[in-house]
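Read the structure below first, then the notes.
The values are calculated or read from the model by the stated rules, or taken from the named source; none is laboratory data. Worth saying up front: this structure is predicted, and the values here are computed from it rather than measured. Here the Cβ positions follow ideal geometry from the backbone for every residue, glycine too, while neighbour counts run over all protein chains shown. We work out accessible area using only protein heavy atoms, side chains counted, and drop any ligands, DNA or RNA first. Shrake-Rupley method; radii C 1.70, N 1.55, O 1.52, S 1.80 Å.
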Amino acid sequence: MTSAALVFIVVMGLAVGSFLNVVIARLPTDWRLSGLAWPASQCPHCQSTIGWLDKLPVVGWLLCQGHCRTCQQPIRLRYVLIEAGSALVAIIVINQFGLTPAGLSALMLSAWLIVLSGIDQDTFLLPDCLTLSGLWLGLLSATLYHHTTPTEAITGAALGYSVLAGLNAGYYRLSGREGMGGGDFKLLAMLGAWLGVSALPAVLLLAAGGGTVWALGAMLWARRSRYAMMAFGPWLAVAGWITLIWGHEWQTNIG
């Protein structure tokens, strides 16, 4: 990858990350997507309009020293983390797949997963307009053999939903409580459509492992109740993305 290409990918990744922040912040209040472009970005504390310079990805946050220019309230660190993380994700994806149709589809899936993770972390919701549209896009991608085959994709979507729905039903039968929401079922179905049924064991193992370690850490250090709600969508998203990038290499090495 040349220096010019790297700079271009970083700039585009930062710009996309800035837009994803807008989607995460606004979509839960307007599921019809009509509020993404208007009104102009405002401080969530004082509602003052944010100037164009302060909206520059990462740079704007640094210029403001992490605070609103008007009211001096802190700006969430997550905004800059998503912008920088989107650039890093773009570099990894293009390095792995190149500027190919498979690479572009992997970038699309990555954007969907970032938005779903942010919304679930904030609201404990995984909106159908993202999980279901992502599922259909995964099935369409499979017809072009980008990351899996149509048969693997259809089976992965069906089994992904069924596995989590079945586990949740069993947990409810034993404990009388819901273990997870229906959005998690749809998210795993979406990942199954993109990655194929053979990727589901790795996704589930990584997500369950990461979520368990996080929950135990929260119980030990933050004194959270064992019954406190935890967003599982981000763990499924991270596990799915890791499997997207390196899953084929694992299967090749094991084979």
* Structure fact -> Conditions (1) of a type outside the set (D, E, K, R); (2) farther than 24 Å from Q42 by Cα; (3) free of Cβ contacts under 8 Å to residues at least 12 places away in the same chain -> A106 fails only (3)
* **Filter pass, R177 being more than 19 Å from the chain's Cα centre (by Cα) and not in a helix (DSSP H, G or I)** => yes
* Structure fact -> In the set L116, L137, the lone residue that is closer than 26 Å to A215 by Cβ, at pLDDT 95 or above and among the aliphatic types (A, V, I, L, M) is L116
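Name the single residue, out of those in segment 137-174 being in a loop (DSSP other than H, G, I, E, B) and under 22 Å from the mean Cα position of the chain (by Cα), that is surrounded by the fewest Cβ atoms within 10 Å (Cβ to Cβ).
So the first thing to find is which residues in segment 137-174 are in a loop (DSSP other than H, G, I, E, B), and the list is 144-149.
Subset that is under 22 Å from the mean Cα position of the chain (by Cα): 146-148.
On the way: H146: 21, H147: 24, T148: 25.
The extreme case among them is H146.
Could you check segment 7-21 and list, in sequence order, the residues that are under 14 Å from L99 (Cβ atoms) and either outside any helix (DSSP H, G or I) or touching a Ser or Thr at 6+ places or on another chain (Cβ under 8 Å) (or both)? Let's see the steps before the verdict.
So in segment 7-21, the residues under 14 Å from L99 (Cβ atoms) come out as 8-9, 12-13.
Across segment 7-21, the qualifying residue is only G13.
Can you say whether A207 is open to solvent by less than 30 Å² (accessible area, probe 1.4 Å) and either within 23 Å of L140 (Cα to Cα) or in contact with an Asp or Glu (Cβ under 9 Å, 6 or more places away or on another chain) (or both), as far as the supplied structure shows? Before you say what the answer is, go through the steps one by one.
Working: open to solvent by less than 30 Å² (accessible area, probe 1.4 Å): yes; either within 23 Å of L140 (Cα to Cα) or in contact with an Asp or Glu (Cβ under 9 Å, 6 or more places away or on another chain) (or both): no.
No; evaluated as a whole, the condition is false for this residue.
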* So how many residues does segment 94-136 have that are open to solvent by 70 Å² or more (accessible area, probe 1.4 Å) and more than 23 Å from R76 (Cα to Cα)? -> 8
* in contact with a helix residue (DSSP H, G or I) (Cβ under 8 Å, 6 or more places away or on another chain), assigned to a helix (DSSP H, G or I) and in contact (Cβ under 8 Å) with a residue 24 or more places away in the chain, is that true of V80? -> no
* Looking for whichever is over 27 Å from D128 (Cβ atoms), at pLDDT 85 or above and not β-branched (V, I, T) here; the options are F19, F8. Which one fits? => F8
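Among the candidates L200, L220, single out the residue that is in a helix (DSSP H, G or I), of a type outside the set (S, T, N, Q) and at pLDDT 95 or above.
On the way: L220 fails: at pLDDT 95 or above.
Of the residues listed, the single one that is in a helix (DSSP H, G or I), of a type outside the set (S, T, N, Q) and at pLDDT 95 or above is L200.
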